[in-house]
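Taking it in order: structure first as structure tokens, then the write-up.
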Amino acid sequence: MTRPFVRQAAALAALALLALPAAAQTAPLKVGFMLPATGTFAALGDMIEKGFKLHVQEQGGTLGGRSIQYFSVDDESDPSKAIDNVGKLIKRDQVDVIVGTVHSGVALAMARAARESKTLLIVPNAGAGEITGPLCAPNIVRSSFSNWQPAYAMGVVAGRRGVKRAITITWNYAAGAETVKGFTEGLEKNGGKVVKELNLPFPNVEFQALLTEIASQKPDAVYAFFAGAAAVKFVKDYNAAGLRKSIPLYGPGFLTDGTLEAQGPAAQGLLTTLHYADNLDTPRNNAFRKSFALAYKAQADVYAVQGYDAAQILGAGLAAVKGDMGQRDALAAAMRRVTVDSPRGKFTLSAAGNPVQDIYLRQAQGRNNEFRAVAVKALADPARGCKL
Ligand code: BEZ
């Protein structure tokens with residue numbers, strides 16, 4: 001016969017087991033940032049993290065009723081370390097959600113790991129087409145753009161401005177190749193063509209020989225994709241080489257976003273295309289910029305917006321399942337259904353999980369990339385190869 005206190009202990013243990021899922025739901029949600037903290041994209045990673053945390057702060061430090069515990073890995077924008085780095089978040093820290101990253105090559109490895117482990121992944125920058133193409137998955141969404149989107153729009157704008165012969169210059173990696181492809185597609189549809197593609201290895205910034213080549217070819221325009229510290233150097237070198245006077249320089253907005261102060265007069269007046277412009281005069285953007293400036297004593301940029309919206313997308317998913325990570329499929333589906341009230345303007349996610357969004361033509365003026373026009377309205381990435 002079992003003694004009463006043994007029966008009581010067994011009953012208590014059973015109760016504790018039953019109570020576990022609820023306890024797990026009140027435990028902090030583990031968010032793992034895999035972003036660059038060093039190297040040419042370090043400032044971009046910092047702004048993404050700041051934007052994400054700002055939204056969480058605005059919600060009182062919780063999303064879907066769950067407090068947040070942050071984990072971080074510096075991915076160094078190095079694809080050769082990506083598998084090890086993402087493994088630290090998935091296996092060592094056992095995070096619920098990964099937010100990352102900036103560099104397309106690193107993000108591709110992360111997307112493969114997320115597909116395999118079924119970990120939720122929100123990509124807050126890297127535009128690699130494959131992520132919302134052949135690698136698309138229900139547990140992966142992007143809060144930023146595909147490399148094709150701003151590039152295609154710039155091709156359209158350049159063609160309409162009468163560019164017949166263009167030269168492209170960028171790094172030799174996934175984002176570089178895709179941005180050139182998108183620009184070429186937009187330009188060719190509008191009467192122009194790319195006559196030469198110039199490349200250098202990532203993250204090289206020795207531009208001189210390529211600038212000499214541009215000067216000798218005399219194209220109607222140059223299209224350049226660089227970002228972060230490298231964009232600062234490229235724009236300054238282009239100007240110092242005397243090319244700005246004779247050959248218009250175009251690019252996706254990364255060429256001048258978050259970099260205008262460092263670029264100084266060399267960047268003033270440059271036209272770029274992107275899904276954000278600093279001076280969008282909407283209550284949503286004005287409130288966001290004020291809140292960001294108050295929190296960080298710094299001016300927001302597109303990377304901060306993408307981090308902020310990553311947190312908004314996660315928040316919407318968590319709210320739909322009342323913070324219960326046990327309902328991961330329902331959470332992921334709710335993340336895709338959201339209409340994001342973004343500082344860039346409202347946007348939705350495509351079936352493949354990529355923003356469907358307006359791409360703006362902007363012009364660098366003072367410290368701002370100012371809105372000039374909508375270059376292409378509600379542009380959806382073609383999502384070639386995505387099967388869900
Ligand atoms: C990319 O690698 O996809 C990327 C990096 C910086 C800015 C934009 C795109």
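Determine if the stretch 191-201 includes at least one residue that is within 16 Å of the ligand (Cβ to nearest atom), closer than 29 Å to VAL106 by Cα and hydrophobic (A, V, I, L, M, F, W, C). Yes: one or more hits.
The single condition among (1) over 17 Å from LEU318 (Cα atoms); (2) at pLDDT 95 or above; (3) loosely packed, with under 12 Cβ neighbours inside 10 Å; (4) not aliphatic (A, V, I, L, M) that GLY45 does not satisfy is (3). For GLY129, indicate whether it is more than 21 Å from GLY315 (Cα to Cα), assigned by TED's automatic domain parsing to the domain that holds ALA43 and surrounded by 20 or more Cβ atoms within 10 Å (Cβ to Cβ). Yes. Modelled with pLDDT of 95 or more, in a helix (DSSP H, G or I) and either within 30 Å of PHE225 (Cβ to Cβ) or touching a strand residue (DSSP E or B) at 6+ places or on another chain (Cβ under 9 Å) (or both), is that true of LYS30? Taking the combined requirement at face value, the residue does not satisfy it. If the requirement is being of a type in the set (Phe, Trp, Tyr) and within 17 Å of the chain's Cα centre (by Cα), which of these qualifies: PHE145, PHE71? Only one candidate passes the filter, namely PHE145. GLY155 passes every criterion in (1) closer than 25 Å to VAL205 by Cα; (2) assigned by TED's automatic domain parsing to the domain that holds ASP257; (3) within 16 Å of the ligand (Cβ to nearest atom); (4) crowded, with 23+ Cβ neighbours inside 10 Å apart from (3).
Among the residues that make up the stretch 227-250, is at least one of them within 14 Å of the ligand (Cβ to nearest atom), of a type outside the set (Val, Ile, Thr), out of contact with any Ser or Thr (no Cβ under 6 Å at 6 or more places or on another chain) and modelled with pLDDT of 95 or more? Yes, there is a match, as at least one residue in the stretch 227-250 is within 14 Å of the ligand (Cβ to nearest atom), of a type outside the set (Val, Ile, Thr), out of contact with any Ser or Thr (no Cβ under 6 Å at 6 or more places or on another chain) and modelled with pLDDT of 95 or more.
Taken over the stretch 259-285, residues that are part of a loop (DSSP other than H, G, I, E, B), over 12 Å from GLN365 (Cα atoms) and more than 17 Å from the chain's Cα centre (by Cα) amount to 3.
This table checks each residue for (1) surrounded by fewer than 20 Cβ atoms within 10 Å (Cβ to Cβ); (2) in contact (Cβ under 8 Å) with a residue 24 or more places away in the chain; (3) not polar (S, T, N, Q).
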| site | (1), (2), (3) |
| --- | --- |
| LYS193 | yes, yes, yes |
| ASN199 | yes, yes, no |
| ALA215 | yes, yes, yes |
| ALA267 | no, yes, yes |
| ASP278 | no, yes, yes |
| PRO283 | yes, no, yes |
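Remark: LEU121 matches the filter, which requires a residue to be buried (at least 24 other Cβ atoms within 10 Å of the Cβ) and either within 13 Å of the ligand (Cβ to nearest atom) or not in a helix (DSSP H, G or I) (or both). The set of residues from the stretch 172-190 being more than 15 Å from the ligand (Cβ to nearest atom) and either assigned to a helix (DSSP H, G or I) or within 26 Å of the chain's Cα centre (by Cα) (or both) comprises THR184, GLU185, GLY186, LEU187, GLU188.
The residue of the stretch 321-357 that is nearest to ASN139 (Cα to Cα), among those that are basic (Lys, Arg) and either free of Cβ contacts under 8 Å to residues at least 24 places away in the same chain or touching a strand residue (DSSP E or B) at 6+ places or on another chain (Cβ under 6 Å) (or both), is ARG336.
If you go through the stretch 48-65 and pick out every residue that is in a strand (DSSP E or B) and surrounded by fewer than 22 Cβ atoms within 10 Å (Cβ to Cβ), you end up with 1. Residues in the stretch 212-240 that are in a strand (DSSP E or B) and under 17 Å from PRO201 (Cβ atoms): ALA224, PHE225.
The values are calculated or read from the model by the stated rules, or taken from the named source; none is laboratory data. This is a predicted model, so every value here is computed, not measured. Cβ atoms come from the backbone with ideal geometry, glycine included; neighbour counts cover every protein chain shown.
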